[in-house]
Amino acid sequence: MTAPATETGAPVFKRLALLGIGLIGSSVARAARKHGLVGEIVGHSRRQETRDEAMALGFLDRVEADPAAAVAGADIVMICAPMGAYEQLAKAIAPALAPGAVVTDVGSVKGMVAKTIAPYLPAGVHLVPGHPIAGTEHSGPSAGFAELFIDRWCVLTPEPGVAPEAVAKVEALWRGMGMMVERMTAEHHDRVLAITSHIPHLIAYTIVGTASDMEEATQAEVIRFSAGGFRDFTRIAGSDPVMWRDVFLTNKDAVLEVLQQFTEDLVRLQRAIRRGEGDTLQSWFTRTRAIRRGVVDAHQEEMEPEKAARLTKDED
Ligand code: NAP
């Protein structure tokens with residue numbers, strides 16, 4: 001594994017303001033600092049408790065209770081808060097943004113960013129929405145780690161006409177943290193992520209909820225005998241409720257469209273089971289097994305903190 005670095009070794013931005021310092025924000029701070037990608041890092045979150053925790057963990061130079069104070073003088077502002085907070089944050093920071101600053105984000109849905117944030121931005125500020133496709137089911141400042149982004153994809157969805165230098169600098173920042181970067185339209189991103197991430201989470205939330213609705217005796221056995229399959233679903237269903245509420249509220253159209261297709265496929269498998277059509281089942285499962293091999297070959301397995309720690313140790 002190669003250590004990420006900028007080509008010149010110089011910081012990409014002078015001052016990074018992070019609005020939200022949980023799993024993703026704190027991982028950005030740790031990675032950007034580790035690789036010298038930014039000069040100074042200022043953080044903001046609503047609660048004093050979170051701000052104190054972040055300062056104690058030591059990944060910020062400064063923390064501010066007021067989002068406008070956090071972004072003042074920053075040449076890049078990265079919104080790492082739940083998407084439901086975007087509009088209120090955009091309104092609060094707009095008057096304090098430095099001329100020429102770049103505003104970016106890490107939200108899991110992209111179509112909503114231009115609609116929610118752009119109307120508040122002053123002329124001369126560049127909006128470059130982004131989504132690092134990397135994460136765990138854990139939340140908060142202590143959940144972050146510098147290696148979270150290594151060898152994973154980051155999608156940027158700038159609108160046509162956004163300054164190419166601004167997009168290139170955001171790309172350099174993510175590449176410096178170890179990510180592979182791809183640009184696409186926000187609409188395309190939201191359709192792809194609906195099937196690769198949003199529907200799988202919805203299924204996990206459903207199946208774990210169904211199990212907990214079963215009568216009490218069965219429920220205890222579900223937990224006691226949960227083998228790989230159900231256990232993996234509980235991990236996904238343990239993901240942050242606020243973040244996932246916002247995903248389904250903001251990617252409604254793409255999720256409903258893909259869900260329709262999924263439901264039809266589920267009914268097809270249900271019919272095959274009812275009719276005892278073994279060939280149909282086996283050929284479906286053979287096809288999906290090949291897809292699984294492709295995912296493993298593309299190295300898109302989850303990077304858990306323990307695994308990341310092992311890899312980092314191996315590098316030392
Ligand atoms: P997290 O660990 O829960 O952190 C959220 C942070 O935002 C906390 O610092 C929280 O602190 C702050 N926050 C919450 N509401 C706020 C508000 N109204 N104003 C300002 N700050 C606020 O969440 P996360 O997993 O880092 O997710 C953050 C973003 O990353 C989301 O938009 C999500 O879609 C995106 N994302 C997540 C993952 C993932 O796997 N988790 C992956 C890729 C992208 P306070 O409570 O103190 O305000």
Within region 86-106, restricting attention to residues that are without any contact (Cβ under 8 Å) to a residue 60 or more places away in the chain and near the ligand (Cβ under 9 Å from one of its atoms), which residue is nearest to residue 187 (Cα to Cα)? 105
Look through 196, 250 and report the one residue that is closer than 26 Å to residue 25 by Cβ, open to solvent by 80 Å² or more (accessible area, probe 1.4 Å) and out of contact with any strand residue (DSSP E or B) (no Cβ under 9 Å at 6 or more places or on another chain). 196
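Kindly evaluate residue 33 against the criterion of being of a type outside the set (Asp, Glu), near the ligand (Cβ under 8 Å from one of its atoms), open to solvent by 20 Å² or more (accessible area, probe 1.4 Å) and modelled with pLDDT of 95 or more.
no
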Condition (residue is under 17 Å from the mean Cα position of the chain (by Cα) and of a type in the set (Phe, Trp, Tyr)) applied to region 236-247: is it met by at least one residue? yes
Helices (runs of 4 or more DSSP H) completely within region 196-293 that count 2 or more residues being β-branched (Val, Ile, Thr) and modelled with pLDDT of 95 or more: 199-213, 241-250, 252-275
Among (1) free of Cβ contacts under 8 Å to residues at least 60 places away in the same chain; (2) farther than 19 Å from residue 13 by Cα, the one test that residue 70 misses: (2)
May I ask you to verify whether residue 155 is within 13 Å of the ligand (Cβ to nearest atom), open to solvent by less than 20 Å² (accessible area, probe 1.4 Å) and of a type in the set (Val, Ile, Thr)? yes
Does residue 70 count as more than 16 Å from residue 130 (Cβ to Cβ) and within 12 Å of the ligand (Cβ to nearest atom)? yes
If residue 10 meets every condition in (1) open to solvent by 20 Å² or more (accessible area, probe 1.4 Å); (2) within 14 Å of the ligand (Cβ to nearest atom); (3) aliphatic (A, V, I, L, M); (4) without any contact (Cβ under 8 Å) to a residue 60 or more places away in the chain apart from one, which number is that one? (2)
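The values are calculated or read from the model by the stated rules, or taken from the named source; none is laboratory data. None of these values were measured; they are calculated from a predicted model. Note that we place each Cβ from the backbone using ideal geometry, even for glycine, and neighbour counts take in every protein chain shown. Quick note on the areas: whole protein, heavy atoms, side chains included, nothing else; ligands and nucleic acids left out. Shrake-Rupley method; radii C 1.70, N 1.55, O 1.52, S 1.80 Å.
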